[in-house]
Every structure is written in C-alpha cells, then in structure tokens.
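Written out below as structure tokens is the structure these notes cover.
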Amino acid sequence: MKDINSVNDIQELLKKQKAFMKNVMIMQQKLFEIQARISELTLKEIEKSKNPKSTPSNILTSKDVMSMLEISSSTLYRLQVQSKLPSKKIEGRKAVYFDRKDVMDYLNGKDKK
C-alpha cells in the first residue's frame, strides 16, 4: 500500500511539474514577443531621430543662434550676460539653450533700432 501511495505521489508531482513547465514555456514565449516589440519600437525611434521633421524646433543651441544672428560666440556670451538674450541651462549638461521666440524677439527688436 505504501508503494502505491508513493507511485501516486510521484505521478501527481510529475503532472504538476508538466503543468509548471508548460506555464514557463508560455511565459518565455511572451517574453520573446515583448523583446521583439521593444526592438521594433526602438528601431522606429532611431529612424525618427535620423529623419527629423521639417518643422523647426523651439529649442536652439548656441551654434544655431550664432548662425541666425550672424554673431560670434563672444558676442552671444555678452548678450547672455547683459540679459538681452535669455538662455536656459539644462542640469547636468554644459551647453546652454535658447528659446526660438526669445531669439526672434531679439532679432526683431535689433532690426528696429
């Protein structure tokens, strides 16, 4: 009788193991699907960044501003220090950035003088 109970216990454990392994396989398949989707979305984002839209950004770099205003870096710095052209510094970055509206306002004000 003891041997029969042991065999039944082993069979029951084997059934549970089979069900568990089936669930593991299902979860593994779902994980692969999620990884494939992440890769697909990442590639789309990379393509977007390689092909920027033709609409201009509202945030400009110092180089952009110098080109727009046809000024040197020292002149741009002087405008910043004199608070004639507001700039923003993003924490953790060395570069400063400018709002397109501020640059256009300065450009329009400069032309009127």
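Placing +1 on the Cβ of every Lys and Arg and -1 on the Cβ of every Asp and Glu, with no other charges, gives the chain a dipole of roughly 340 debye about its Cα centre. When the C-alpha to C-alpha distance is required to be over 28 Å, the pairs from K63/K84; K50/K84; K2/K22; K50/K101; K44/K101; K18/K44 that qualify are K50/K84; K2/K22; K44/K101; K18/K44. Each Lys and Arg contributes +1 and each Asp and Glu -1, all at the Cβ; summed about the Cα centre of the range 66-113, the dipole is approximately 100 debye. Dividing the radius of gyration of the alpha carbons in the range 64-105 by their Kirkwood radius gives 0.94 for Rg/Rh.
Extension gain, T61 to D3: 0.36 nm times the residue separation minus the Cα-Cα distance gives 12.8 nm.
Kirkwood analysis of the Cα pair distances in the chain returns a hydrodynamic radius of 20.2 Å.
Largest GNM mean-square fluctuation across A95, A36, A19, computed for the chain with C-alpha springs under 10 Å, falls on A19. Calculate the FRET efficiency for K84 and K48 from the Cβ-Cβ distance with a Förster distance of 35 Å, rounded to the nearest 0.05. Using R0 = 35 Å, I get an efficiency of 0.50.
We did not get these values from a lab; they are worked out from the coordinates using the rules stated. What you see is a predicted model; the values in this text were computed from it and never measured. We place every Cβ from the backbone using ideal geometry, glycine too, and count neighbours over all the protein chains shown.
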